[in-house]
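Engineer: Provided herewith is a single structure, encoded as structure tokens, for subsequent inquiry.
The values are calculated or read from the model by the stated rules, or taken from the named source; none is laboratory data. Owing to the predicted nature of the structure, the values given are computational and were not obtained by experimental measurement. Reconstructed Cβ throughout: ideal geometry from the backbone, glycine too, with neighbour counts over all protein chains shown. Protein only, heavy atoms only, side chains kept; ligands, DNA and RNA dropped before computing areas. Shrake-Rupley method; radii C 1.70, N 1.55, O 1.52, S 1.80 Å.
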Amino acid sequence: MLAKTYSAAVVGLEATTITIEVNMTKGNFFRLSGLGDAAVKESYNRIGAALPNVGFFLAQTDLTINLSPADLRKEGSGFDLPMAIGILAADGKIDSRQLGEYMLVGELGLDGSLKPVRAVLPIAIRARKEKFKGLIVPSANIREAAVVNQLDVYGMDNLADVVSFFSGSPHYEPMLVDTRKEFYEQQCKFDLDFSDVKGQESVKRALEVAAAGGHNLIMIGPPGSGKSMMAKRLPSILPPLSLAESLETTQIHSVAGKLPGDVSLISQRPFRAPHHTISQVALVGGGNNPQPGEISLAHNGVLFLDEMPELSRSVLEVLRQPLEDRKITVSRAKYSVDYPASFMLVASMNPCPCGYYGDPTHHCVCTPGQIQRYMNKISGPLLDRIDIHCEIQAVPFKQLSEMQPGEPSAAIRERVIAARKIQEERFKPFKGIHCNAMMTERMLHEFAEPDAQSLEMLRMAMERLKLSARAYSRILKVARTIADLAGSEKVESMHIAEAIGYRNLDRGDWAERGI
């Protein structure tokens, strides 16, 4: 007897509908076709143990299972459930008339329990697109799948529940989640706040400018000056995610298996801080089974690289293209997938190997050659792509001992949101452009054209600092953001002057003069 069930395979961020054809005849053989990986091939072992443990015993049969389309590679244990239901339907133990209306996904335990799997959200999106009536998933994945409206989503604890469902049991109701209510309730809840930061007003100003325009930023200063502390508080002043951004971000984390079980939608901008021993593949994505990397997990949020020079130079250089294109294409012999990578790069570093070069309270023991080699770990082309270079000094004891808190994140966030609203209105006719950091060269001439006085100031800075054409564009983008924060329609000389001040590492004498 032939039976068909339906599931989905995820490649990149997109799911493809998979038809699981199960044919059962007399005999004693098992065949599985359809380019399944090791986890798929081992499904039969798990199914064979699970069926007797939930009360189903199969006679010796000739069993052939095909995963169609057969030329598409299938990965993971999520095909256990649809294969088990297909076997029971082919054996006549389940009425197969409703199987075509539902998509199924889930891993089977040997006791018949259903265990969570990755990438349920893109599978749910695909099920709705293909006009399936419903989706059956493990209970641990139900909130993730229930984000998709116009689709009945059922969470099941074990295989026996799924069999009972297809047998017509009225005890199962689709999960309903008020995702919008939960989304908006969680948007303004942050564990970290800028009110904890004492002093460092110039650095907080630089972070505010970076957040308002979506600019990349690097902080350089001695150990203990607060670089990591302030970077971790950056998400608290970023504008809230829109529902579309949240869905896109949640989908990436779902595919990577990084979505917490109690979360239906990611409501806050992601903050990713990988260790400096990270590999190229872990950073940009890929692998034998393609997965999003850290730059994609930071999409619509922040990628924080602490102790940036300690990262391998080859790892740092792979950031060049994603910083420009805001996406990454991972191409290998067997596949090519695209992942979004529109993130804010925030980095920190010490000024020298010992960390105290230019610090008035500590003596630096590094030689000029050591300092130069340390700085050269970050290439000029990569520094060009970082809009704001921010120098930072340790906070004096007097400021640390003051009990008065700093400006709260909520107040800074209001100014950032106001500046972003100006940018959203400005770029409304341009698809895919949301903030000043995304402006093209043509947009710079239209929206950030400096006046004669500002142009002369820029010319002097270009000649003195030997800036590249890319650095010139970055200065104009930052100046446009500073003007937006000030509520100015035009980019004026004072905005240009502040933007030039954020190019400290472009100075040829930086490593000679101290901070």
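Engineer: Which Cys residues of the chain have no other Cys beta carbon under 4.7 Å away?
Structural biologist: Flagged as lacking a Cys partner: Cys188, Cys354, Cys364, Cys390, Cys435.
Engineer: If you don't mind, there's one more thing I want to ask. For the chain, what's the relative contact order in percent, using C-alpha pairs closer than 8 Å and at least 6 residues apart?
Structural biologist: Worked out over the chain, it gives 13 percent.
Engineer: Please give the Cα centre distance for region 295-336 versus region 90-123, rounded to the nearest Å.
Structural biologist: Going from one Cα centre to the other spans 36 Å.
Engineer: Please determine, in degrees from 0 to 90 and to the nearest 10, the orientation of helix 80-90 with respect to the longest principal axis defined by the Cα atoms of the chain, where the helix direction is its Cα long axis.
Structural biologist: That helix lies at roughly 20 degrees to the long axis.
Engineer: A further question on this structure: Can you tell me the orientation of helix 469-485 relative to the chain, as the angle in degrees between its alpha-carbon axis and the longest Cα principal axis, to the nearest 10?
Structural biologist: 90 degrees
Engineer: Continuing with the same structure: Starting from the Cα of Ser488, step 7 Å along the direction of its Cβ; do the same at Gln404; then give the gap between the two resulting points in nm.
Structural biologist: 2.8 nm
Engineer: How long is the gain from Ser68 to His275 if the chain were fully straight, where each residue apart is worth 0.36 nm and the alpha carbon distance is subtracted?
Structural biologist: Roughly 70.5 nm would be gained on extension.
Engineer: If amide hydrogens are placed 1.01 Å from N in the peptide plane, which non-local residues have theirs closer than 5 Å to the one on Val302?
Structural biologist: Residues meeting the amide H criterion: Phe271, Arg272, Met344.
Engineer: Near Asn289, within a Cβ-to-Cβ distance under 12 Å, what is the net charge of the other residues, with Lys and Arg +1 and Asp and Glu -1?
Structural biologist: My count for the surroundings of Asn289 gives +3.
Engineer: Another question about this same structure. Is the shape of region 397-484 rounded, prolate or oblate, going by the alpha carbon gyration tensor and its root eigenvalues a ≥ b ≥ c, with a/c under 1.5 for rounded and a/b larger than b/c for prolate?
Structural biologist: Oblate.
Engineer: Take the residue pairs Lys181/Lys204; Lys428/Lys477; Lys189/Lys232; Lys227/Lys258 and return only those whose Cα atoms are more than 20 Å apart.
Structural biologist: From the list (Lys181/Lys204; Lys428/Lys477; Lys189/Lys232; Lys227/Lys258), the Cα-Cα distance tops 20 Å for Lys181/Lys204; Lys227/Lys258.
Engineer: Shape verdict for the chain, please, from the Cα gyration tensor: rounded (a/c under 1.5), prolate (a/b greater than b/c) or oblate.
Structural biologist: prolate
Engineer: Taking a probe of 1.4 Å, how large is the accessible area per residue of region 1-45, in Å²?
Structural biologist: 52 Å²
Engineer: How big is the accessible area of Thr440 in square angstrom, nearest 10, if you roll a 1.4 angstrom probe over the protein chains?
Structural biologist: 60 Å²
Engineer: Relative to the longest principal axis of the chain, what angle (0 to 90°, nearest 10) does the C-alpha long axis of helix 201-213 take?
Structural biologist: Between helix and principal axis, roughly 50 degrees.
Engineer: Also, I was wondering about something else. Please give the peptides 209-217, 113-121 ranked by average Cβ packing (other Cβ atoms within 10 Å per residue), highest first, as a rough proxy for protection.
Structural biologist: 209-217, 113-121
Engineer: Right, something else. Can you bin region 52-107 into rounded, prolate or oblate? Criterion: square roots of the alpha carbon gyration tensor eigenvalues sorted a ≥ b ≥ c, rounded for a/c under 1.5, prolate for a/b above b/c, oblate for the rest.
Structural biologist: Because a/c hits 1.5 or more and a/b exceeds b/c, region 52-107 counts as prolate.
Engineer: Just the number please: accessible area per residue for region 156-295, 1.4 Å probe, all protein chains included, in Å².
Structural biologist: Per residue, region 156-295 has 41 Å² of solvent-accessible surface.
Engineer: Let me ask something else about it. Using a Cα-Cα cut-off of under 30 Å, which lysines could be cross-linked to Lys26, ignoring same-chain neighbours fewer than 8 residues away?
Structural biologist: Correct list for Lys26: Lys4, Lys41, Lys74, Lys93.
Engineer: At a probe size of 1.4 Å, how large is the accessible area of Lys232, to the nearest 10 Å²?
Structural biologist: Around 110 Å² of this residue is reachable by solvent.
Engineer: Sticking with this one: Please list, in chain and number order, the residues 5+ apart from Ser468 or on another chain whose amide H is under 5 Å from its amide H, with Hs placed from the backbone.
Structural biologist: Correct list: empty.
Engineer: Express in Å², to the nearest 10, the accessible area of Cys188 obtained by rolling a 1.4 Å probe over the protein heavy atoms while all chains stay in place.
Structural biologist: Roll a 1.4 Å probe over it and Cys188 shows about 100 Å².
Engineer: Further, regarding this structure: Could you sort Ser409, Ser488 by their accessible area in this structure, using a 1.4 Å probe and putting the largest first?
Structural biologist: Result, largest first: Ser488, Ser409.
Engineer: What accessible area per residue comes out for region 410-515, rounded to a whole number of Å², with a 1.4 Å probe?
Structural biologist: Accessible surface, normalised per residue, equals 53 Å².
Engineer: Looking only at region 54-91, which residues have a backbone nitrogen under 11 Å from a spot 7 Å from the Cα of Asn28 in the C-beta direction?
Structural biologist: Those under the cut-off are 60-61.
Engineer: Name the long-range amide H neighbours of Ala8: under 5 Å, sequence gap of 5 or more, or other chain; modelled H, no Pro or chain starts.
Structural biologist: Ile18
Engineer: When the Cα centres of region 128-176 and region 1-76 are compared, how far apart do they sit, in Å?
Structural biologist: 20 Å
Engineer: With a 1.4 Å probe and every protein chain kept in, tell me what percent of the accessible surface of the chain is carbon plus sulfur.
Structural biologist: C and S atoms contribute 51 percent here.
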